[in-house]
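The values are calculated or read from the model by the stated rules, or taken from the named source; none is laboratory data. Every value quoted in this text rests on a predicted model; they were computed, and no experiment measured them. Methodologically, a virtual Cβ is constructed for each residue, glycine included, from the backbone with ideal geometry; neighbour enumeration extends over all protein chains shown.
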């Protein structure tokens, strides 16, 4: 049974507004340590918002290459701990053997996407190319990004969490997940779609954050042809996305966007 922890808490604070001090409180997002234990061995500790944890666990396993499909995870157990939540995963025999080999190439347990690896090559592996003929109209990306704030209940309360969403031109926004960590939000989205037997191959991943390399790596595993964000990408993310065949759109605002890679996937409205 999953331990119940509130995703938000109310805390007292003093506030200065228009030159006057006042007392009151504010709703803040919770940040909880999530410890992943796979087949009895410690794997990683992530700090995340304790909401949609089933999606987070599945998405993390898929985006980190621990599992290739949901069927690779035989069982998941959530255990409350004094400092957070322990998640125990048991893999199928094939996935377990693959994971054992993978662990032997690392110097130690990972606490984030690039921690615990013993070489630059292991930290920055090439992404599998995203082979897709998918295209999307630029104005559709702009329009759908403007719909996200109304679909972020945690951010409406706290103004302090990221969101990852997925939409297709035919179906609109299919899923939205929120977290204090942008990579956690994307893992939750990937997990939510996998639970629906879907990946990101026929639509656009939307992020309310900057685009760093770990988001490109996760998007590549989810076969996303387009990733669009309200902020800019890093230069390394652009190079990695170009090699992976992922279209990166940044600075998506009400008045437009910027396309950094694979511009052929974005249809200009005038065309």
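General remarks:
- Where strands (runs of 3 or more DSSP E) fall wholly inside the stretch 210-271, the ranges with 1 or more residues that are loosely packed, with under 15 Cβ neighbours inside 10 Å and at negative phi are 247-253, 256-259.
- Only one of the numbered conditions (1) surrounded by 15 or more Cβ atoms within 10 Å (Cβ to Cβ); (2) over 22 Å from residue 185 (Cβ atoms); (3) in contact (Cβ under 8 Å) with a residue 40 or more places away in the chain is violated by residue 95, and that is (3).
- Test for residue 101: is it more than 23 Å from the chain's Cα centre (by Cα), surrounded by fewer than 19 Cβ atoms within 10 Å (Cβ to Cβ) and over 30 Å from residue 153 (Cα atoms): yes
- Residues (touching a residue at least 24 places away in the same chain (Cβ under 8 Å), under 19 Å from the mean Cα position of the chain (by Cα) and in a loop (DSSP other than H, G, I, E, B)) located in the stretch 134-163: 152, 160, 161
Yes or no, residue by residue, for (1) part of a loop (DSSP other than H, G, I, E, B); (2) modelled with pLDDT under 90:
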site	(1), (2)
99	no, no
125	yes, yes
131	yes, no
165	no, no
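Results for (1) surrounded by fewer than 22 Cβ atoms within 10 Å (Cβ to Cβ); (2) within 20 Å of residue 182 (Cα to Cα); (3) in the same structural domain as residue 198 (by TED's automatic domain parsing), shown as yes or no for each residue.
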| position | (1), (2), (3) |
| --- | --- |
| 45 | yes, yes, no |
| 48 | no, yes, no |
| 56 | no, yes, no |
| 61 | no, yes, no |
| 65 | yes, yes, no |
| 68 | yes, no, no |
| 72 | yes, no, no |
| 77 | yes, no, no |
| 89 | no, no, no |
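- Residue 246 in contact (Cβ under 8 Å) with a residue 24 or more places away in the chain and under 30 Å from residue 8 (Cβ atoms): no
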